[in-house]
Amino acid sequence: MDFSPSPDQVAVLSAIDALAKPFAAVPIQCRDFALYSAELDRALQDGGFLDVAFVPELGAVTGALIVERIAALPCCVEIAASALIRPFLCPKLPRPLCLIEGDRPARFLKHAATALWIDAETVRALPVEMAAVAPVDSLFAYPMAQLTNGRAMFSDAPICKFSAEDLRHRWRVALAAEVAGLLKAAIDCTIDHVSNRQQFGRPLGSFQAVRHRLAEAYVRTGGVRLLALRAADSGNPSDSALAAFHAQDAAATIVYDLHQFSGAMGITLEHPLHLWTYRLKALLSEMGGRAAHVDVASATLGR
Amino acid sequence: MRFEWTDAQAAFRQKVQAFLRENLPADWDEIARHGPGSDTVSRFSRQFCGKLAAAGLLLPHWPKEWGGEGLDPWCQQILAEEMWAAGEPRGAQYMNVNWIGPTLIRFGSDEQRARYVPPIAAGNAIWCQGFSEPDAGSDLAALRTRATLEGDIYRIQGQKIWTSYASAAETCFLLARTSADRKRGISIFLVPMKTPGIDVRSIPSLVGDGDIHEVFFDNVVVPVGARLGEEGQAWDIINFALAGERLGIPRYALAQRALDRAVRLLRSNAMFDNAQIRNLASRAAALCEAARLSSYQCTDHRVRTGTISPETSAVRIATVMAERAVAEFVVEFVPDALCGGDPVLAEHHQRAIVAGIAAGAAEIQMNIVANDLLHLPREPR
């Protein structure tokens, strides 16, 4: 057991922090649900940060640490699939990647170079430029879009060498790492609000009803992070299923609480909380939600 | 970052597991049901801990000069996990190796260490902690038991309550007030339980036989040399001691064992095919894993820095979440196990109820997390 980043990981993370710094500020007049940053995407790709998992000394744990850090920024980019799926399953496919489940709208489809379409057993890959893409007016804080002719397009696309189960395993790690970063940032944003907002002559954050639920949110988020990192390290499908289940389970409760504590301010687009919580809401149903992980997550219980 | 055990750590765990296989009797699960404070388990623990000591497995993390093996806190963690998952055959003596012994070694006088440490190292000493009082539970600093200095003795007057192991203990690790200052007025005394004026009364409880007591101190006289540390130093010493206590009980290990056992029962009658049951089992399993990894994170901090991580309070909350999830799962889906059906599940259920209470209420830990980790504005007093 070793919970401290290696010197190589420390170097990568400090470079990521330096790269992320210009993107950390929350725009004063944010009027959109989603805040996509092509500039950040380019910087991450040009800096080689999306390829760290290719380096054996760094591996998936470093990829997960980077995903967590970048997810905590107010703007969003496609990083989870590029950093934690592509190196292991499809290194030659151009990124950004978009993961499509059936006919559902998908994150980053508008910006993706490659779409991966998953059904029960197989995955098919298709250059997005060949597909007809329609943006979706979404309540989620990711750029969402839909294929207008999805099934027809993918029925002729080549089947990938890796299985749907392989993809689900890597996807679960990516999902859990991204949720960990989003939760941390959303909690920090809420702490800032309740520390400054005065009611009844004192800060909201001095009331025990708020303090205890935020403490629980912090503890749960710590668990989400550790389960994600452990799953990245072990490569075990049971670990990744448990990590994804726990991430979605924790997020469901925490998102509600954070908006409750942020009150009316938190429901305005001028307040940044939604930039994290409405990404979390999108991730709550990703891969089919908690129910989709249960079979794998509970497979080893009682054995 | 790495989430695997080293070969040496894995070998140490196997050694502990082999010891348990060889030394726990076939009816151990039935014995453990009586609870760690019971006469039955106390008797068993004296014999069992003696064997542990002989095998070098009682205090592997203690310094060699005090009978330990000088191993790192990971070994303490592995040992504690295996013991707790097995139903804690060390009984009350787990406290000795986790915090009473280390606290005596760090803060005790030569005479105190010479008197009290060897029996602990031999696996034949039972202590109780005289902390809580009728009006001082979570608000420990409100305690009123008084120790009055009279020449070269202290005269102790007061009452403790919810005291675990008091009827079996030879010595009490007692907190008493030596001046009016709320926290700086509290001192620690090492008091033999046979001292005249001490009256122990058992309180029937949900957690096992003989586990909870009232302890009355009526004109109890102890020498000045019974005081641990300086007058008024108790708060610092207790913070050191309880940090060890919180990390020292890996409750998630028994919770995980109970969950596995419950799921095995459900699988055997095809009830685990139910999606809702699998959903709640997964939630409980995730919380157990989260507690385990959080605890490891603190141990890693301790190994690296030699200090207690501020995250220790977060671990305690994570552990309470895990205990609660497993207990609620079992009581809903395997209820017959708690009606004479399964000693391990019954034992877990008995102990789980104190997870958020013993060693300081979980709400106090939430306050600590809110203050020290989230840096939220403090509540007005």
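What follows draws every value from the coordinates through simple rules; no lab data is involved. Just so it is clear, the model here is predicted, and its values are computed rather than measured. Because the Cβ atoms are built from the backbone with ideal geometry, glycine has one as well, and the counts that use them run over all protein chains shown.
Okay, here's what the table says:
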read-out: Charge context of B:G225, other residues only, Cβ under 11 angstrom, K/R +1, D/E -1; value: -1
read-out: Residue-count net charge about B:R378 - beta-carbon cut-off 12 Å; Lys, Arg +1, Asp, Glu -1; value: +1
read-out: At 1.002 mPa s and 20 °C, Stokes D of segment B:66-152 from Kirkwood alpha-carbon radius, µm² per second; value: 140 µm²/s
read-out: Residue-averaged [θ]222 nm for the protein assembly as shown, counting only DSSP H segments that reach four residues, each worth -39500 (n - 2.57); value: -15500 deg cm²/dmol
read-out: √(5λ) per eigenvalue of the Cα gyration tensor, segment A:184-259, largest first, Å; value: 31, 10, 8
read-out: Convex hull of the protein assembly as shown built on C-alpha atoms - directionally averaged projected area, nm²; value: 31.5 nm²
read-out: Segment A:227-303 shape via C-alpha gyration tensor axes, a/c threshold 1.5; value: prolate
read-out: For segment A:134-205, convex hull of alpha carbons as volume per residue, Å³; value: 126 Å³
read-out: Neighbour-count order for B:L190, A:L13, A:L275, fewest beta carbons within 10 angstrom listed first; value: A:L13, B:L190, A:L275
read-out: For B:3-11, mean number of other protein chain Cβ atoms within 10 Å; value: 2
read-out: C-alpha long axis of helix B:110-122 to longest principal axis of chain B, angle in °; value: 30 degrees
read-out: Rg to Rh quotient for segment B:140-228, alpha carbon positions, Kirkwood Rh; value: 0.98
read-out: Spatially proximal lysines relative to B:K194 (Cα-Cα < 17 Å; intrachain offsets below 8 disregarded); value: B:K160
read-out: Per-residue mean of C-beta atoms belonging to partner chains within 10 Å, peptide A:223-236; value: 4
read-out: Those trypsin sites (Lys or Arg not before Pro) in segment A:150-187 that DSSP places in a loop and that have at most 15 other beta carbons within 10 Å; value: A:K161
read-out: Rounded, prolate or oblate (a/c below 1.5 giving rounded, otherwise prolate when a/b exceeds b/c) for segment B:124-167 by Cα gyration tensor; value: oblate
read-out: Cα coordinate range in chain B, projected on the principal axes (Å, largest first); value: 71, 52, 45
read-out: Computed magnitude of the charge dipole of segment B:241-350 (debye, nearest 20; Cβ of K, R +1, Cβ of D, E -1); value: 300 debye
read-out: Residue pairs, from the table A:K92/A:K281; A:K110/A:K281; A:K21/A:K184; A:K21/A:K92, whose Cα atoms sit over 22 Å apart; value: A:K92/A:K281; A:K21/A:K92
read-out: Alpha-carbon radius of gyration plus Dmax, which is the widest Cα pair, for segment B:231-314 in Å; value: 17.9, 62
read-out: 10 Å Cβ neighbours from other chains, averaged over peptide A:242-251; value: 3
read-out: Alpha-carbon centroid distance for the pair segment B:202-225 / segment B:114-190, whole angstrom; value: 10 Å
read-out: Per-residue Cβ neighbour rank within 10 angstrom, fewest leading, B:M83, B:M271, B:M1, A:M1; value: B:M271, A:M1, B:M1, B:M83
read-out: Prolate/oblate/rounded call for segment A:1-155, Cα gyration tensor, a/c under 1.5 rounded; value: oblate
read-out: Ascending count of other beta-carbon atoms within 10 Å, so fewest first, for B:V207, B:V320, B:V221; value: B:V221, B:V207, B:V320
